[in-house]
1. State whether the residues of the range B:20-36 include one that is open to solvent by less than 70 Å² (accessible area, probe 1.4 Å), assigned by TED's automatic domain parsing to the domain that holds residue B:187, over 30 Å from residue C:23 (Cβ atoms) and at pLDDT 85 or above.
2. Do we have any residue at all in the range A:3-10 that's polar (S, T, N, Q) and assigned to a helix (DSSP H, G or I)?
3. Scan (1) aromatic (Phe, Trp, Tyr); (2) at pLDDT below 85; (3) open to solvent by less than 30 Å² (accessible area, probe 1.4 Å) for the single condition residue C:274 breaks and write down its number.
4. When the residues of the range B:59-80 are filtered to those that are within 27 Å of the chain's Cα centre (by Cα) and free of Cβ contacts under 8 Å to residues at least 24 places away in the same chain, which remaining residue is nearest to residue B:237 (Cα to Cα)?
5. Restrict the check to the range C:95-107 and report whether at least one residue is in a strand (DSSP E or B) and out of contact with any Gly (no Cβ under 6 Å at 6 or more places or on another chain).
6. Count, please, the residues in the range B:87-122 that happen to be open to solvent by less than 60 Å² (accessible area, probe 1.4 Å), over 26 Å from residue A:234 (Cβ atoms) and either of a type outside the set (Ser, Thr, Tyr) or within 12 Å of chain A (Cβ to nearest Cβ) (or both).
7. Just for the range B:254-289: of the residues that are among the hydroxyl-bearing types (Ser, Thr, Tyr) and touching a residue at least 12 places away in the same chain (Cβ under 8 Å), which one is farthest from residue A:87 (Cα to Cα)?
8. Identify all residues within the range C:78-98 that are open to solvent by less than 30 Å² (accessible area, probe 1.4 Å) and more than 7 Å from every other protein chain (Cβ to nearest Cβ); write none if there are none.
Amino acid sequence: MLYLSFIVILPLSMIVVNTLSMSWGEFFETITHPRAVASYKLSFGSALAAGLINVIFGTIIAWVLIRYDFPGKKIIDGLVDLPFALPTAVAGIALTTLYAPSGWIGKFFDFKISYTPLGIVIALTFIGLPFVVRTVQPVLQNLGREVEEASASLGANRFQTFVKVILPELYPAMITGFSLAFSRSLGEYGSVVFIAGNMPMKTEITPLIIMTKLEQYDYVGATAIAVVMLVGSFIILLFINLIQWRMNRKFNY
Amino acid sequence: MTKPLDVDRKMPIVKKAVSNPYPLKESAIVKWSLITISLLYISLFLILPLISIFVTALEKGWETYVASIVHPDALAAIKLTITVALIVVPLNAVFGIAAAWLITKFTFRGKNLLVTLIDLPFAVSPVIAGLIFILLFGAQGLFGDWLFEHDIKIVFALPGIILATLFVTFPFVARELIPLMQTQGITEEEASISLGASGWKTFFYVTLPNIKWGLLYGLILCNARAIGEFGAVSVVSGHIRGETNTMPLHIEILYNEYQFTAAFAVASIMSILAILTIIIKHIASWKAKEF
Amino acid sequence: MGIQIKNVSKSFGSVKVLKDISVDIKSGELIALLGPSGSGKTTLLRILAGLEGLDEGTILFDGEDITNVSPKERKIGFVFQHYALFRHMNVFENVAYGLKVRPRKTRPSKKEIERKVNELLSLVKLENFQDRYPSQLSGGQRQRVALARALAVEPKVLLLDEPFGALDAKVRKELRRWLRQLHNEFHVTSIFVTHDQEEALDVADRIIVMNNGKIEQIGTPDEVYENPKSPFVYDFLGNVNIFRGRLQNGKLKQGQFEINAPHYLDSHDDAVGYARPHDILIEKEQVDNETVPAKISFIHIVGPTARIELKREDNGEYLEAELPKEQFKNLQIQKGEVVYVRPKQLKVFIPEDFSI
């Protein structure tokens, strides 16, 4: 327990202590600075977009991996874990190079991907993919064939069975996966700094603002922004948990 | 009823049992388009980036590649990263086992709080994780003056990097073990103790063999993150070349100095480690399922 | 609807689970598919439902070949062992599902669906539960919802896979009676799978006894119980005592013991005689050679019957006898006493490929 306090609780409480040393006016001014506000929108928006993309494609991938057989399936299954295993900085430089205007993928598009918000979304999509796949996969695996058979015996076609029977069973896992991916994306730094381009007001994410303030030895300012991030992600997670709790209430056998 | 039975006995079964295809399975078109979508998505986001790392690293030939890796700064970064991992992983392993043991085999007040606290580092941005250690041990920090007087350096030095990495990788082992030990319950431990084994013996002969694959799984993820952590370490390291630069930080510096080949060369080593991680992880999870 | 199953075979991989099965089921019958696990009974039921394909053979519903028809077009109702209720839907939505998923042209109006569901819910006595979710129901209630759901589509055939298997003994009995009543009311052809012989004997019009992917016997409960066609059926339906011996001149002999076996006048093989515990008489004196001496090792009286366990004096095998309490009292026997056991009715089989 001492270990836990030393590594986690004590350091985190410093945020509170340091914020208290600020006056309310100072605090408010720091966190509502236009650059900061723009970064909140960007961080939140791109994390949301990446989360949604991953929920859709992550669920499809989980489905394909559980239900179908095809050559190379085991390799694909393993590759899904790549974002967990690959250092974020490595992912960052690789994605940036690929999606840069002269990169392998970037050159097929006449608009810029790297160094734009779109690039940030791509980096965050990379980071978040395994969260969705790995939460949906076991649920799909354990989903009894019986309910599908019941649906078919009652006259439903495959599409109806999927939408009305299978999908509702997956919602809780999809939401969990989304919230994991989302909260990871919100704070993600390593993979994003390279691809973002870091232009103030345009492609500057909130963790980068904290970083910049730290480099200027503005510890108080950095802490203030950190508080906004912590409170923000706390509220979002609370909200997601609330939805889940409401769904689970009627759900569990 | 009149069909001769011996025919059935002798004939090998060639025909494959075909389930009624229409209502219980998707049509082939749907199936293959879903597979194609998945493969495309994974190629775009996972496979191509991985390939590009190696291609870019070797773009200027083996000599440049080797030169970038044996560069003193690169070697120092590799050494530092290994040191950090060697300290962080065992510490978190011990804690993870202890915490999971505590949570699954005993009941006590504040258990839920403990579970939440263990998860907390996952919810905190790595940059904030770095920040809090600056606030504690930095020059203006809580212990800043005291540390300065005693000439102890934590921030912008190895201890800071280790602390930040500890924080970030804190949940991995415990997270992996808690559900595993929960499903296993405590009956085997009770049996062992009832047969006269001591607490430690019970742990080594009963608990540990049961959780070894789950433990390995947690350790490997913990290790991957410890090696690759960027945000938190970046805040506390101070970026002193050859001294406080871990491999990811070294990659960043090279990249920002437009030494792309060198950056990707170091990155390729880390990618190989990542691939190894995935392979070990999958072996561990297969083995864990066999139980 | 009448069902004809013709020469159906099915394998999973290299395991033959159904070997050339043929059965005729008349319209309105209530049939039990009885057998131990692995006998193929569930597979046969699933093939009838179209949930499983078959390797060989045909299935006719009212003379029409439906072997390759999908389950949704077979007009069947299927009740699963573990209910398979949709847990994110409440009771009403579960029952209404089969009607709601119909194509627009044949789908009843909302009001019609509501009326129909309410009717079914009152039939299964769950009118007040329509807003509950499956997780809020007991096992018996869940199974009733599953039945109502299956009946909602007005099936021509009702198929039930171990419908009471997951319920406790009391609820089981209740639901069993209720299924019987339901069937009397609707007369829909019904087939249920069970491994519980009591359940099959209690509920079904006819029983199909299966073993190892083959049909052992088809008949009314009385027929299968009183006249088992094979040792397997004898053994599976109820307790049984075994008398081993050798056939000689139409008699089964073992040592002193010999008893008439009129079916086997010309055989001289080893054979086994079967007798149910209630077909065993206990006598205090030896009158003839059709009895064996045995020592009473245990007496257990439950309600109106006395169960007596005996150990044969000659070969040490155990026998079990069941007699009415009155008769037991008149006999005045005690534990440890040696008595003479007479099989009142002995069915003799020559062992072929079975072993007990």
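The values are calculated or read from the model by the stated rules, or taken from the named source; none is laboratory data. All values reported here derive from a predicted model rather than from experimental measurement. Neighbour counts are summed over all protein chains in view; Cβ atoms, including those assigned to glycine, are modelled from backbone coordinates with ideal geometry. Accessible surface is based on the protein model in full, side chains and every heavy atom, while ligands, DNA and RNA are left aside. Shrake-Rupley method; radii C 1.70, N 1.55, O 1.52, S 1.80 Å.
1. no
2. Yes, there is a match, as at least one residue in the range A:3-10 is polar (S, T, N, Q) and assigned to a helix (DSSP H, G or I).
3. With (1) aromatic (Phe, Trp, Tyr); (2) at pLDDT below 85; (3) open to solvent by less than 30 Å² (accessible area, probe 1.4 Å) applied to residue C:274, the lone miss is (2).
4. Restricting to residues being within 27 Å of the chain's Cα centre (by Cα) and free of Cβ contacts under 8 Å to residues at least 24 places away in the same chain, the top hit is B:79.
5. No, the range C:95-107 contains no residue that is in a strand (DSSP E or B) and out of contact with any Gly (no Cβ under 6 Å at 6 or more places or on another chain).
6. 6
7. B:285
8. If the condition is that a residue be open to solvent by less than 30 Å² (accessible area, probe 1.4 Å) and more than 7 Å from every other protein chain (Cβ to nearest Cβ), then C:79, C:83, C:85, C:89, C:90, C:91, C:94, C:95, C:96 are the ones that fit.
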